[in-house]
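Novice: Next up is a structure, given as structure tokens.
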Amino acid sequence: MNLVERDIEVNWHPYTQMKTAPLPIPIVKGQGTLLIDENGKEYIDAISSWWVNIHGHSHPYIAEKIFEQLNRLEHVIYAGFTHPSAVELSERLLKILPENQGKIFYSDNGSTAVEVAIKMSIQYWKNQSITRNKFVALKNAYHGDTFGAMSVGARSVFSEPFINYLFDVEYINVPVKGSENETLNQLEAFLSKGNCSAFIFEPLMQGAAGIIIYEPEVLNKMLEICKKYNVLTIADEVATGFYRTGKFLATDHIIENPDIICLSKALSGGTLPFAVTSVTNNIYEKFLSPDKSKMLLHGHSFAANPVGCAAALASLDLIEKDEFSKNLVRIENNHKRFLPRLIEHPAAENCRMLGTILAFDVVSSEENSYYSSLRDSIWNYVIDKGVLLRPLGNTVYILPPYCITDDEMKKVYSVIMELLDSIKGEFSN
Ligand code: PMP
């Protein structure tokens, strides 16, 4: 049996209808922006492998630092113990996080980073014997697949089978252009009832909802309203963190600082499952008490795993290099030059960009749904041409590792143009 045959005998892949999905592509090597399959075919990873990879695949510097750490200390229980990499990483993160952030809590994926933020918010109020029961979130929100994270997310295709098991949340409109005041009014009306514990949001860009972008000014006003009503603010920067929107955090585009920040995906440079939830000292202090039951009642076996910390530290080293910021500008400029061509194309609509993220919708008579058949046709088309894109319904987006070369970007753009040219003929839906 070959690798793919062996895979489907034993493996169950995420977000995959195993009965009808195309066979998985057997990747045996990653190098820079490229993924290479067992037949030697190369794929440009134009989506950073689910938003995680920022420095390119199999980066030798991160690999070396991971190896060094593995030889020194691979893991230690983080309750009752600490280690140099956790201390150094928290020190370095707190230097680049907003100035109001005071403590770092470690977990191991984006959903758990959010889960921790939710539990911190609930217990923050409970520890003070204050009743604040409700979360407010944005419509369409996606915050992960664990139950708390699903609950604060929109009721959508992702959570549909589990709806009866999720807790109630108040939703307000996404403040897209033209509807800002409506959202601000909804937020104020809800918060004035006095029962809200926290507002959770994907800052400036909702990813899984289909790359929906909104402006910093309105987000800043929303955080001002939350401050006015003493409601905690949770920035889910799992997707937007690490310069995707042009700055380290999407919330670095605004003046107000969130109380809690969730980071994962690119935190370890795309190498290991790793996450942090950072908080203000004000929140942290509400858990300090002679009463043991007021401690944060949450933890994971792999919390602050030293190898994860070493990968994140190595990634921060690479971020600090001059080349890194030059690459961000270069990618943004390439996107800006490509955008007018995209806008002109009759098969593309809602063309948009934010930092290194570029997205558009493929025009179709079919409803833009996660299950659209056009989505599968787009996937097949671009994969065949050696480009990895993972459309969300008819929405196509590019967010490459920052080491992508100009030539590789040109190839991605030209495959997209070919795709759009072929839309009418080939997919005829
Ligand atoms: N929050 C956001 C904004 C995300 O985009 C995601 C993942 N796409 C998550 C949380 C969950 O992260 P993970 O898949 O690592 O659990």
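Each reported figure results from applying straightforward, stated rules to the coordinates on display, with no laboratory input. Predicted model only: the values in this text are computed from it and were never measured. Glycine also receives a Cβ, built like all others from the backbone with ideal geometry; neighbour counts cover every protein chain displayed.
Novice: If you go through the stretch 359-382 one residue at a time, do you hit one that is within 21 Å of the chain's Cα centre (by Cα) and of a type in the set (A, V, I, L, M)?
Specialist: Taking every residue of the stretch 359-382 in turn, at least one turns out to be within 21 Å of the chain's Cα centre (by Cα) and of a type in the set (A, V, I, L, M).
Novice: Mind listing just one residue for me: the one in the stretch 236-249 that is aliphatic (A, V, I, L, M) and within 10 Å of the ligand (Cβ to nearest atom) and, of those, nearest to residue 331 (Cα to Cα)?
Specialist: Looking at the filtered set, the residue picked out is 239.
Novice: Yes or no: residue 283 away from the ligand (no atom under 16 Å from the Cβ), within 26 Å of residue 326 (Cα to Cα) and out of contact with any strand residue (DSSP E or B) (no Cβ under 6 Å at 6 or more places or on another chain)?
Specialist: no
Novice: Moving to a separate point now. On the given criteria, is residue 294 among the charged types (D, E, K, R), surrounded by 15 or more Cβ atoms within 10 Å (Cβ to Cβ), touching a helix residue (DSSP H, G or I) at 6+ places or on another chain (Cβ under 9 Å) and closer than 26 Å to residue 46 by Cα?
Specialist: Criteria not met by residue 294.
Novice: For the stretch 413-423, state whether one or more residues are part of a loop (DSSP other than H, G, I, E, B) and surrounded by fewer than 17 Cβ atoms within 10 Å (Cβ to Cβ).
Specialist: no
Novice: Condition first: surrounded by 13 or more Cβ atoms within 10 Å (Cβ to Cβ), more than 26 Å from the chain's Cα centre (by Cα) and aliphatic (A, V, I, L, M). Now tell me which residues in the stretch 169-217 satisfy that.
Specialist: If the condition is that a residue be surrounded by 13 or more Cβ atoms within 10 Å (Cβ to Cβ), more than 26 Å from the chain's Cα centre (by Cα) and aliphatic (A, V, I, L, M), then 191 is the only one that fits.
Novice: Next question. Exactly one condition in (1) more than 27 Å from residue 108 (Cα to Cα); (2) within 16 Å of the ligand (Cβ to nearest atom) is false for residue 193; which is it?
Specialist: Just one mismatch for residue 193, condition (2).
Novice: Mind telling me which of the residues 266, 303 ends up being part of a loop (DSSP other than H, G, I, E, B), hydrophobic (A, V, I, L, M, F, W, C) and within 16 Å of the ligand (Cβ to nearest atom)?
Specialist: Exactly one of 266, 303 is part of a loop (DSSP other than H, G, I, E, B), hydrophobic (A, V, I, L, M, F, W, C) and within 16 Å of the ligand (Cβ to nearest atom), namely 303.
Novice: Looking only at the stretch 71-94, decide whether some residue is under 26 Å from residue 183 (Cα atoms) and within 24 Å of the chain's Cα centre (by Cα).
Specialist: No, the stretch 71-94 has no match at all.
Novice: Here's something else I'd like to know. Can you work out which of the residues in the stretch 203-252 that are in a loop (DSSP other than H, G, I, E, B) and of a type in the set (A, V, I, L, M) is farthest from residue 117 (Cα to Cα)?
Specialist: Of everything passing the filter in the stretch 203-252, 211 is farthest from residue 117 (Cα to Cα).
Novice: Moving on to the next point. Pick from the stretch 305-329 the residues that are of a type outside the set (A, V, I, L, M, F, W, C) and crowded, with 17+ Cβ neighbours inside 10 Å: which of them is farthest from residue 66 (Cα to Cα)?
Specialist: 327
Novice: Let me ask you something else. Can you run down the residue pairs with Cβ atoms below 8 Å, 6 or more apart or on separate chains, where the first is in the stretch 388-417 and among the charged types (D, E, K, R) and the partner is in a helix (DSSP H, G or I)?
Specialist: Sorted first by the residue in the stretch 388-417, then by its partner, the pairs are 390/50; 390/379; 406/330; 406/334.
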